1. Suppose we filter GLU62, GLU51 for residues that are under 16 Å from CYS104 (Cβ atoms) and not β-branched (Val, Ile, Thr); which single one remains?
2. So, in region 58-100, of the ones that are under 15 Å from ALA129 (Cβ atoms), aromatic (Phe, Trp, Tyr) and free of Cβ contacts under 8 Å to residues at least 60 places away in the same chain, which residue ends up surrounded by the fewest Cβ atoms within 10 Å (Cβ to Cβ)?
3. Consider only pairs whose beta carbons are under 7 Å apart and that are at least six residues apart or on different chains; among these, list those whose first residue lies in region 111-127 and is under 15 Å from GLN98 (Cβ atoms) and whose second residue is among the acidic types (Asp, Glu).
4. For region 65-100, which positions are in contact with a helix residue (DSSP H, G or I) (Cβ under 8 Å, 6 or more places away or on another chain) and outside any helix (DSSP H, G or I)?
5. Restricting the search to region 24-40, which residues are of a type outside the set (A, V, I, L, M) and closer than 24 Å to ARG77 by Cα?
6. Among the listed residues HIS132, HIS103, which satisfies the condition of being part of a helix (DSSP H, G or I), modelled with pLDDT under 80 and open to solvent by 100 Å² or more (accessible area, probe 1.4 Å)?
7. Any residue in region 1-25 that's over 29 Å from GLN156 (Cα atoms) and open to solvent by 70 Å² or more (accessible area, probe 1.4 Å): show its pairings with residues that are part of a helix (DSSP H, G or I) and among the charged types (D, E, K, R) at Cβ separation under 7 Å, as long as the two are six or more apart or on different chains.
Amino acid sequence: MPIWIQVLQALLTPAIAIGVGVIAYMQWRTAHQKVVLDLFARRIAIVEMVETAVDSIYENKEFGDDTEKLLHDCVRRARYLFGADVMEYLKSLWFLAQDLKRHCVSLSVTEPGPKRDAIDSDRNRVLRAIFHAHREETVFFSYIRMDQKLVLTPLQWLVERNKIRLSYADDKQR
């Protein structure tokens, strides 16, 4: 058997191994991106539920049973998907909403007069606090940003490294 055939046979095994390695790496990369996207979808669903609850509170000027169930579900589900900062925010939102509920109950049983005006004023203050806290809150942003670094293929990596190299080059080398 000629020597060049033996050399090709010897090089075929490492070539196949490299090909299998590249395919395995690309499958890992795809699986990792899917996990990141799934986590994002679960987190954004909770953020949208919080938005819906706050909008309902602000539109109806009360903390109804449906909104209470929705916000409670948000707090319960967020425990596993977010950090302590989001949980603290959601608990403060929950306590403000409970305050609003107490004011609404007090308004329904209080006769018109200065006491009712004071309760109504407190209710409006709590409503503004809920709306302001939610609109100014950026605690979710660090969790729902899709800023993970894209893992490059070997060819993309080489092209990127060449661009970096050329950015430091003299005009003659371009």
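The values are calculated or read from the model by the stated rules, or taken from the named source; none is laboratory data. The structure displayed is predicted, hence computed values, not measured ones. As a convention, Cβ positions derive from the backbone with ideal geometry for all residues, glycine included, and neighbour counts pool all protein chains shown. Surface areas here come from the heavy atoms of the whole protein model, side chains and all, with no ligands, DNA or RNA. Shrake-Rupley method; radii C 1.70, N 1.55, O 1.52, S 1.80 Å.
1. When all the criteria are applied, what remains is GLU62.
2. PHE95
3. Filtered contacts from region 111-127: VAL126/ASP99.
4. Residues satisfying the conditions are ARG79, LEU81, PHE82, GLY83.
5. Those that are of a type outside the set (A, V, I, L, M) and closer than 24 Å to ARG77 by Cα: HIS32, GLN33, LYS34, ASP38, PHE40.
6. HIS132
7. The qualifying pairs do not exist here.
Here's the yes/no breakdown for (1) among the charged types (D, E, K, R); (2) open to solvent by less than 50 Å² (accessible area, probe 1.4 Å); (3) at pLDDT 75 or above:
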| position | (1), (2), (3) |
| --- | --- |
| PRO112 | no, no, yes |
| LYS115 | yes, no, no |
| PHE141 | no, no, yes |
| LEU158 | no, no, yes |
| ARG165 | yes, no, yes |
